[in-house]
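Only one structure is covered here, and it is reproduced in the block below.
What follows is calculated from the coordinates using simple rules that are stated; it is not laboratory data. Note that this is a predicted model, so its numbers are computed, not measured. Methodologically, a virtual Cβ is constructed for each residue, glycine included, from the backbone with ideal geometry; neighbour enumeration extends over all protein chains shown.
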Amino acid sequence: MVLNRQNGQRLALFFLFAALIGVLVWAFVFIRHRMNYAVTNAVFVETNNIINLGFNRVSGRLLYLSKEEGDPVKKGEILAEIDPKDYQLRVERLSRELKALEKERSQKVIALNRLTKEVSLKEAMARAGLMSLKERLSAIRSRIEGLSAVVKQLTRDRDRFVSLYQARVVSKRRLEDIQTRLAQQEAERKALLARERALLAQIRAAEDKIRLTQAEKARVEEGRKALAALDERLASLRAQLLEAQRLVAYCRLKSPISGRVAKKYASAGDVLRPGAPVYALVNPRDVYILVLLEENKLQGIKIGAPARITIDAFPREVFQGVVSEILPTSAAKFALVPRDISAGEFTKVAQRIPIKIKITKGPVELLRIGLGGEVEIKRQP
């Protein structure tokens, strides 16, 4: 029995020694791990941007919503729609007005082009006729001037021959020849003067035609101004139609990102005003890990340091990341009720410094904003 008791004591001492060695080894590993890693459970899943999504510039009754909270969404996917009837009626009305106005413009363009051609042709013909008449008038006046000189000379000759005939120096026949020639030239001159008067009347009529074409030109200019005003109305109508079509498109709410629905604010049948939030969306690319690390654990924590994250909701999943930002102030600095130390009362409390960790590996789609967990950040030399 003494031997058995001694053997039992030795076995107990062995287990006690082995346990002590195990504790020491665990303590060594634990201390070494804490020296190499900063560990904390003040970990939260956060995002840089929660998108509150609503209908832009349109209001009305909500017809349907296609997503529930937590559902995934794709960029460009239709999430909801409000009744577009009023906006569609406006589009139809503006389309009819635009079509009628375009038809009116087409008719005015045809009429204006025809009037422009007619006026240009009339003016060209009137100016050409006036130029021709003036050339003929100039020629007739030259002939009249020449005949006037001949008549003047023949008149002098006639007077001289009358004197010579009375003096019996020349025969009566020669006097009669001079008188006949004078009468012929005077008759021709009178005819040319009559033609001159007729040409002057024709010139005045041609000038009246040109003045008439100038008045018609004013009509053309008025037509062009009316067409320009019509073009302004058309541009305004097209802008209004485009705006109305945009409003119809705005009646469908589309996702601007590929992500997940964080919150649903409305239900089918609700009457919404412009900009009222319908969904809150989260982009997985904007998700990060916010760590509130105690100030006495900051040694060796630098931007780019690798981190290992576990989330309480998914204990079997391991996420990898790197430190992307170390904020310059403690979390207590922006607390709703900051500590008042002006009276000199002060209790030493370890402050926590916010650190952002960018997730580089792991099923990010599983994460939900606000989840907690634990992180190990490798200290850098």
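Of all the options Ala18, Ala194, Ala215, the one that moves most in a Gaussian network model of the chain with Cα springs shorter than 10 angstrom is Ala18. Legend: Rg and Dmax of the range 97-173, from Cα coordinates, 31.6, 102 Å. Each other residue within a Cβ distance under 15 Å of Glu176 adds +1 if Lys or Arg and -1 if Asp or Glu, for a net charge of +3. Taking the square roots of 5 times each eigenvalue of the Cα gyration tensor of the range 1-160, largest first, gives ellipsoid semi-axes of 123, 31, 10 Å. Evaluated on the range 86-250, the Kirkwood hydrodynamic radius is 22.4 Å, with distances taken between all distinct Cα atoms.
Can you pick out the pairs among Lys263/Lys302; Lys263/Lys358; Lys74/Lys99; Lys263/Lys361; Lys67/Lys302; Lys67/Lys358 whose Cα atoms lie more than 31 Å from each other? Walk me through the numbers on the way to the answer.
Numbers: Lys263/Lys302 35 Å; Lys263/Lys358 24 Å; Lys74/Lys99 38 Å; Lys263/Lys361 26 Å; Lys67/Lys302 41 Å; Lys67/Lys358 28 Å.
Over 31 Å apart, Cα to Cα: Lys263/Lys302; Lys74/Lys99; Lys67/Lys302.
Take the Cα of Ile110, step 7 Å toward its Cβ, do the same at Phe17, and the gap between the two points is 11.8 nm. Dipole magnitude for the chain: computed about the Cα centre from +1 point charges on Lys and Arg Cβ and -1 point charges on Asp and Glu Cβ, it is near 2120 debye. Quick check on the range 175-325: take the gyration tensor over C-alpha atoms, sort the square-rooted eigenvalues as a ≥ b ≥ c, and tell me if it's rounded (a/c under 1.5), prolate or oblate. Note, shape of the range 175-325 comes out prolate.
Given their separation in residues at 0.36 nm each and the Cα-Cα distance between them, Asn48 and Arg195 gain 42.9 nm when the chain is fully extended.
For the chain, the membrane-span-like helix rule (DSSP H, alpha carbon extent of at least 20 Å along the helix axis, mean Kyte-Doolittle at least 0.0) picks out 2-36; this says nothing about an actual membrane. Note on the chain: semi-axes of the ellipsoid equivalent to its C-alpha gyration tensor, largest first and rounded to whole Å, are 118, 28, 18. In straight-distance terms, cross-link reach from Lys217 covers every one of the lysines whose alpha-carbon lies under 18 Å from its own, apart from those fewer than eight places away in the same chain; here that gives Lys108, Lys117, Lys122, Lys209, Lys225.
For the chain, modelled as a GNM whose springs connect Cα atoms under 10 angstrom apart, the maximal fluctuation among Asn296, Asn49, Asn283 occurs at Asn296. In the chain, the calculated helix contribution to ellipticity at 222 nm averages -19500 deg cm²/dmol per residue, counting -39,500 (n - 2.57) for every DSSP H run with n ≥ 4.
Here the Gaussian network model covers the chain, with springs between Cα atoms less than 10 Å apart; of Arg93, Arg32, Arg219, Arg32 fluctuates the most.
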